[in-house]
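The values are calculated or read from the model by the stated rules, or taken from the named source; none is laboratory data. Bear in mind the structure is a predicted one, so any value in this text is a computation, not a measurement. Here the Cβ is made from the backbone with ideal geometry for all residues, glycine too, and neighbour counts use every protein chain on show.
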Amino acid sequence: MDRPVTLETLGAWVIKCNPRKTDVEPMRAAGETKPSWCVADNYRTRLIRPAQKVLFWVSAHPRRGFWGAGEVTGDVTLDEGRLHVPVRIPMFDDPLTADELSSAGLDSMEVFRSPQQANPSWLSRAELALIEPLLASRVLRAIGET
């Protein structure tokens, strides 16, 4: 079976957050996301490794888009019957919005095609290469303030 996500095609994981279910304001105030996120029990989760890049996508919000970038900080663990991935994701002062991403030709990202899909979502290496220049000033600004 061909699977779109492999260690060779992976650019970054995407953790999605619906602010109607998980309040993003405490994370914004703290300057980073929660340290652990639930992920589905599937082949993708078995590909997650420490030090891989991860982006934080906020959906169902007027400024939906990437609100932070960081990395996986450890192995996926089972806690109370659910799989969790440990992360450190500093939040941006200003999100990289869906509109900006669409304008940059990134309409085919999985977060647009399958917005209801369980975590983790992903970016290909090619998509990440197009996004990194857009993230650069946001990442530097967020890191400079910590």
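Couple of notes before you dig in:
- Residue check, residue 31 surrounded by 17 or more Cβ atoms within 10 Å (Cβ to Cβ), of a type in the set (Gly, Ala, Ser) and touching a helix residue (DSSP H, G or I) at 6+ places or on another chain (Cβ under 8 Å): no
For (1) in contact with a Lys or Arg (Cβ under 9 Å, 6 or more places away or on another chain); (2) closer than 22 Å to residue 4 by Cα, each residue gets a yes or a no:
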{"position": "48", "(1), (2)": "no, yes"}
{"position": "53", "(1), (2)": "no, yes"}
{"position": "57", "(1), (2)": "yes, yes"}
{"position": "66", "(1), (2)": "yes, yes"}
{"position": "79", "(1), (2)": "no, no"}
{"position": "92", "(1), (2)": "yes, no"}
{"position": "103", "(1), (2)": "no, no"}
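- Residue, nearest to the chain's Cα centre (by Cα), within segment 1-19, restricted to residues that are assigned to a loop (DSSP other than H, G, I, E, B) and surrounded by 10 or more Cβ atoms within 10 Å (Cβ to Cβ): 18
- Test: residue in segment 99-108 that is under 13 Å from the mean Cα position of the chain (by Cα) and either surrounded by 17 or more Cβ atoms within 10 Å (Cβ to Cβ) or of a type in the set (A, V, I, L, M) (or both): no
- Test for residue 87: is it under 16 Å from residue 27 (Cβ atoms), in contact (Cβ under 8 Å) with a residue 60 or more places away in the chain and among the aliphatic types (A, V, I, L, M): yes
- Pair list, Cβ < 8 Å and 6+ apart or interchain, from segment 128-145 residues that are on the phi > 0 side of the Ramachandran plot and at pLDDT below 90 to residues that are among the small types (Gly, Ala, Ser) and surrounded by fewer than 11 Cβ atoms within 10 Å (Cβ to Cβ): none
- Taking the criterion of being out of contact with any helix residue (DSSP H, G or I) (no Cβ under 6 Å at 6 or more places or on another chain) and either crowded, with 24+ Cβ neighbours inside 10 Å or not polar (S, T, N, Q) (or both), the residues of segment 45-60 that qualify are 46, 47, 48, 49, 50, 51, 53, 54, 55, 56, 58, 60.
- Just one of (1) farther than 21 Å from residue 82 by Cβ; (2) in contact with a strand residue (DSSP E or B) (Cβ under 8 Å, 6 or more places away or on another chain); (3) in contact (Cβ under 8 Å) with a residue 24 or more places away in the chain fails for residue 56. It is (1).
- Every residue from segment 118-128 that is surrounded by 14 or more Cβ atoms within 10 Å (Cβ to Cβ) and out of contact with any Cys (no Cβ under 8 Å at 6 or more places or on another chain): 118, 120, 121, 122, 123, 124, 127, 128
- Where residue 63 falls short, out of the listed (1) farther than 25 Å from residue 113 by Cβ; (2) surrounded by fewer than 14 Cβ atoms within 10 Å (Cβ to Cβ); (3) in contact with a strand residue (DSSP E or B) (Cβ under 6 Å, 6 or more places away or on another chain): (1)
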